[in-house]
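Below is one structure; the comments refer to it alone.
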Amino acid sequence: MKYFISGLIILSSTIFLSCSETKREVSKDQIIAMRSTASDFMKDLKSILINQIQTAGVLQAVSVCSDTAQVLTNNFGVQRGIYIKRVSLKNRNSNNYPDDFEKRNLNQFELQHQNNEINSETEYAEIVYEGDYKYLRYLKPIIIQAECLNCHGNKADIMPEVQNLIAQNYPNDKAIGYKTGDLRGAVSIKKVME
């Protein structure tokens with residue numbers, strides 16, 4: 001009887017553990033929702049940035065990426081019940097440094113970019129467990145556009161005043177030397193799953 005009960009406990013534990021570790025697939029609806037959220041975020045940010053460049057010039061637009069973008073990102077996340085940020089392996093702002101999950105996927109995006117496999121459909125989604133919580137993680141690549149070169153291009157593309165302001169605000173800046181079409185980083189979204 002003692003062996004029967006011990007065997008039953010082991011069998012029950014094995015079944016419980018295998019069920020709790022089953023990887024749950026990300027649904028099509030979840031991906032569509034994350035894609036839409038990332039798109040809305042980038043449209044909002046880009047419209048503010050373009051408006052600032054047109055009304056106040058490139059020098060003033062630096063504050064959009066450094067200050068306004070952080071506030072916009074935080075507010076956008078709170079409104080949507082998500083954690084969202086822009087991440088890059090060549091970050092300017094230390095707040096945009098990727099965690100291990102983001103680094104792994106940014107490296108994958110970089111490989112895809114080198115093989116000309118990045119397009120408007122490229123994205124990555126996964127359900128992950130971190131501690132006692134389950135999250136839906138989503139990344140969408142950010143590709144350098146022409147207007148990005150004002151602050152992220154080669155030194156010849158960036159006005160000296162802008163270079164000085166960036167050097168003053170970000171002494172450890174790694175976010176220059178890009179050209180149109182380069183992979184800048186990704187929008188990263190993290191949502192608690194129930």
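The values are calculated or read from the model by the stated rules, or taken from the named source; none is laboratory data. All of these numbers come straight from a predicted model, not from anything done at the bench. All Cβ positions, glycine included, derive from the backbone under ideal geometry; neighbour counts span all protein chains shown. Heavy atoms of the whole protein, side chains included, go into the accessibility calculation; ligands, DNA and RNA do not. Shrake-Rupley method; radii C 1.70, N 1.55, O 1.52, S 1.80 Å.
Here are the numbers for this structure:
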| read-out | value |
| --- | --- |
| Rg ratio (alpha-carbon, reference 2.2 N^0.38 Å) - the stretch 149-194 | 1.55 |
| For the stretch 142-152, 3J(HN,Hα) per residue [Karplus equation, 6.51 cos²θ - 1.76 cosθ + 1.60, θ = phi - 60°, Hz, x = Gly/Pro] | 10, 9, 5, 9, 4, 5, 5, 5, 4, 10, 10 |
| Rounded, prolate or oblate (a/c below 1.5 giving rounded, otherwise prolate when a/b exceeds b/c) for the stretch 44-100 by Cα gyration tensor | oblate |
| Exceeding the 32 Å Cα-Cα cut-off - candidates 28/155; 46/103; 90/191; 43/103; 90/134 | 28/155 |
| Accessible solvent surface per residue of the chain, calculated while the other protein chains remain in place, 1.4 angstrom probe, Å² | 61 |
| R0 of 30 Å, Cβ-Cβ distance residue 39-residue 161: FRET efficiency to nearest 0.05 | 0.40 |
| Of all accessible heavy-atom area on the chain, the percent that carbon and sulfur account for (1.4 Å) | 54 |
| The chain - percent relative contact order, Cα under 8 Å, separation 6 or more | 25 |
| Among (i) 47, 42, 25; (ii) 83, 36, 31; (iii) 79, 32, 29, the entry derived from the coordinates for Cα extents along the principal axes in Å | (ii) |
